[in-house]
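Comments concern the structure below.
The values are calculated or read from the model by the stated rules, or taken from the named source; none is laboratory data. Keep in mind it's a predicted model, so treat the numbers as computed, not measured. Backbone-built Cβ (ideal geometry, glycine too); neighbour counts: all protein chains shown.
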Amino acid sequence: MNVLTYLIPISLLLGGIGLIGFIYTLRSRQYDDPEGDSRRILNDTWDDHPKE
């Protein structure tokens with residue numbers, strides 16, 4: 001049972017890091033254009049220098 005005193009805070013810390021990472025990706029607008037990505041993958045032309 002003593003191992004739970006270590007595992008519970010570690011799991012909460014890792015969950016918090018994952019949540020912070022998810023919020024960061026939301027704020028940096030990485031999920032704004034999912035349809036454009038699905039259409040670009042089917043395009044035959046190569047874009048070596050994509051627009052940012």
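Give the residues of the range 23-36 that are assigned to a helix (DSSP H, G or I) and surrounded by fewer than 10 Cβ atoms within 10 Å (Cβ to Cβ), sorted by residue number.
Arg27, Pro34, Glu35, Gly36
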Picking from Asn43, Asn2, the residue that is loosely packed, with under 10 Cβ neighbours inside 10 Å and modelled with pLDDT of 85 or more would be Asn2
